[in-house]
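Taking it in order: structure first as C-alpha cells, then the write-up.
The values are calculated or read from the model by the stated rules, or taken from the named source; none is laboratory data. Since the model is a prediction, treat every value here as computed from it, not as a measurement. No Cβ is skipped: glycine too gets one built from the backbone with ideal geometry, and neighbour counts run over all protein chains shown. Calculation scope for accessible area: heavy atoms of the full protein, side chains included, ligands and nucleic acids excluded. Shrake-Rupley method; radii C 1.70, N 1.55, O 1.52, S 1.80 Å.
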Amino acid sequence: MSMALIETVNITQKYGKQDIIKNISLKVDQGEVLALIGPTGAGKTTLLRLLDLLETPASGRIYFDGMEVTAGKHLRLQARRRMSFVLQKPVVFNMSVSDNIACGLKWRKEKEATVSQRVNSALELVGMTGYANRNARTLSGGETQLVAIARALAIAPEVLFLDEPTANLDPVSTARIEEVLAHIIGEQKTTVVMATHDMSQGQRLAGRIGVIINGELLQTGSPNDIFSTPQNTRVAELVGIGNILGGVIASRDNELVGIDVGGSIIQAISEHGIGAEVHALIRPEDVTLALHKDASSARNTFEGSITRIFPVGALVRVELACGFPLLTVVTRRSARDLNLAVGNRVYATFKATAVHVLKRWN
Ligand SMILES: Nc1ncnc2c1ncn2[C@@H]1O[C@H](COP(=O)(O)OP(=O)(O)O)[C@@H](O)[C@H]1O
Ligand SMILES: [Mg+2]
C-alpha cells in the first residue's frame, strides 16, 4: 500500500460567512505533479495555502507524510520545513540574486559552505548562473519568477507549491519557466502541486489534474481524462468544449444512439437508454466545414448558416445555426478557401465518436 505524501480529508475554509473551500478530499502522492486548474476566484490559492499549512482549515484534517498536521502547531511547523511555496507575485529582497536564494538556507542556519553550494546548484537548475551578483530588484518579471523558484528549491523541499507560476508573463518567459519546471520535475522527483488557470499548462506539466470551481474539487484525473471525458458541464466548459447541447436520447441501435436536440438528431455513442436526458459535448475542433454535402463515414452532417465569424490567434471561430447553435474552429486558410461569411450556407460534419454524452444532472 502506498501512502500519500499529502492527504486532506473533507477540508473546508471560510472567510467570514463565505464558503471558499467545500469539503475537499485529495491525495497527493510522493513524486507526482498535480495541477489545480480552475477560473479566477475558484479557491486555488486558498487550497495551496491550506496544503502548505499556512492556513488552518475551518474543518477537516490534513495529513503530511502520515502525520495529522492539523492537530498541533509543532507538527505543523515541522512539516512546513519540508515544503516550499512560490507565490503568484514573488517578492525579492533588495540584495543580490545569490543572497535572495540563500535566504531560506540562512534562516535554517545551514553552514556557509552548504549555503553557497546549494545556491550555485539552484542557480544552475533555473539557468540563472550569470545573474548571481545582480540586484534582484533589477530583474524582469520572468527572471524574478526564476529566482523565486531557485530560492524555493535551494532548501531541497519535498513538496514544491507553485501558485500560477506564469500568470502575467509574456509567452517567451512563460515558455522558459515551463521548460525549467519540466526539467526540475524530470530531474529532482520533487512532489509538485501547482495552481494554474491555463488548462494547457496543466496538460503540459502535470501528471494529474484537479479541477476546482467555486470551492469544489469537481474532478481529478489524468490530463487526458479531464480533457476528453469531463464528468460535468462545468468542467467541460472550463476545458474548452465549446458545444454543450441539451437533448434526449430518442433512438438506439446497439451502442449508437440518436439524441434529439431541439428537433435535430445527433448520432453518438452512449450507453444511456431511450428517454435519458443528456448533454452532447462536442469540441469545436472536431467539427469540419464543407460547401457540399460529402459522403464520408462521419455520422453527423448538418446544413446551417453562419451567424458569426471571429479570429482567435491563428484560427477562426465560426458559429452556425443548423437547427441548434454549433461552434466550430477552422484555420485561416480554410476560412478563405471556403469563402466563409456571415449568412453563407455550409455543411458541418462530425463523427458520432466525437460526441461525448453526459447524463444531465445539473
Ligand atoms: N483573505 C481573504 N478574505 C476574504 N476573502 C478571500 C480572501 N482570500 C481569498 N478570498 C476569496 O476567496 C475566493 C477564492 O480565492 P482564491 O483562493 O484566491 O481563488 P483563486 O486562486 O482560484 O483565484 C475568492 O472569492 C476570493 O475573493
Ligand atoms: Mg490564485
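A few remarks follow.
- Condition broken by Gly221, with the remaining ones in (1) out of contact with any helix residue (DSSP H, G or I) (no Cβ under 9 Å at 6 or more places or on another chain); (2) surrounded by 20 or more Cβ atoms within 10 Å (Cβ to Cβ) satisfied: (2)
- Criterion: modelled with pLDDT of 95 or more and surrounded by 14 or more Cβ atoms within 10 Å (Cβ to Cβ) - qualifying residue of Gly210, Gly263: Gly210
- Taking the criterion of being in contact with a Gly (Cβ under 7 Å, 6 or more places away or on another chain) and either of a type outside the set (S, T, N, Q) or surrounded by 16 or more Cβ atoms within 10 Å (Cβ to Cβ) (or both), the residues of region 147-188 that qualify are Arg151, Ala154, Ile155, Leu169, Ser173, Arg176, Ile177, Val180.
- Residue within region 94-101 that is open to solvent by 20 Å² or more (accessible area, probe 1.4 Å), within 16 Å of ligand 1 (Cβ to nearest atom) and modelled with pLDDT of 95 or more present: no
- 3 or more residues open to solvent by 50 Å² or more (accessible area, probe 1.4 Å) and not hydrophobic (A, V, I, L, M, F, W, C): qualifying strands (runs of 3 or more DSSP E) within region 269-362: 300-312
- Leading residue by the ranking (farthest from Ala79 (Cα to Cα)) among those in region 58-67 that are more than 13 Å from ligand 1 (Cβ to nearest atom) and either open to solvent by 30 Å² or more (accessible area, probe 1.4 Å) or acidic (Asp, Glu) (or both): Ser59
- Leading residue by the ranking (farthest from Asn214 (Cα to Cα)) among those in region 27-57 that are open to solvent by 60 Å² or more (accessible area, probe 1.4 Å) and more than 9 Å from ligand 1 (Cβ to nearest atom): Gln30
- Within region 1-26, the residues that satisfy the criterion of being farther than 22 Å from Arg208 by Cα, within 16 Å of ligand 2 (Cβ to nearest atom) and surrounded by 15 or more Cβ atoms within 10 Å (Cβ to Cβ) are Gln13, Ile20.
- Looking across region 1-12, the residues that are part of a loop (DSSP other than H, G, I, E, B) and touching a residue at least 12 places away in the same chain (Cβ under 8 Å) come down to Ser2, Met3, Ala4, Leu5.
- Some residue of region 293-313 being out of contact with any Ser or Thr (no Cβ under 6 Å at 6 or more places or on another chain) and either closer than 30 Å to Gly210 by Cα or in the same structural domain as Met199 (by TED's automatic domain parsing) (or both): yes
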